[in-house]
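The values are calculated or read from the model by the stated rules, or taken from the named source; none is laboratory data. Just so it is clear, the structure is predicted and the values come from calculations on it, not from any experiment. Using ideal geometry, Cβ is built from the backbone for each residue, glycine included, and neighbour counts are taken over all protein chains shown.
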């Protein structure tokens with residue numbers, strides 16, 4: 001069919017659910033609380049994940 005598929009882990013799924021106009025600075029505190037993880041590590045992982053989504057054309061954002 002020519003489509004692109006992306007498998008998401010739990011964190012990726014939660015980030016994806018929040019890709020609705022929120023900024024990364026809004027998303028990170030929500031997820032830090034939910035997953036009990038260091039916010040700096042979570043932000044770094046989230047940035048990598050969002051970059052992958054952008055590269056594949058799933059999302060668009062301005063840096």
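From the list 45, 20, 38, the one residue that fits, being at pLDDT 85 or above and surrounded by 13 or more Cβ atoms within 10 Å (Cβ to Cβ), is 45.
Close Cβ contacts (under 8 Å, 6 or more residues apart or on different chains) running from residues in the range 24-50 that are over 14 Å from residue 10 (Cα atoms) to residues that are at pLDDT below 90 and surrounded by fewer than 17 Cβ atoms within 10 Å (Cβ to Cβ) comprise 50/19; 50/59; 50/61.
So in the range 5-35, with the set limited to residues that are part of a loop (DSSP other than H, G, I, E, B) and out of contact with any helix residue (DSSP H, G or I) (no Cβ under 8 Å at 6 or more places or on another chain), which one is farthest from residue 46 (Cα to Cα)? Outline the logic, then answer.
At the first step, the residues of the range 5-35 found to be part of a loop (DSSP other than H, G, I, E, B) are 5-9, 18-23.
When the remaining residues are screened for being out of contact with any helix residue (DSSP H, G or I) (no Cβ under 8 Å at 6 or more places or on another chain), the result is 5, 7, 9, 20-23.
Working: 5: 19, 7: 15, 9: 12, 20: 15, 21: 15, 22: 13, 23: 11 Å.
By that ranking, first place goes to 5.
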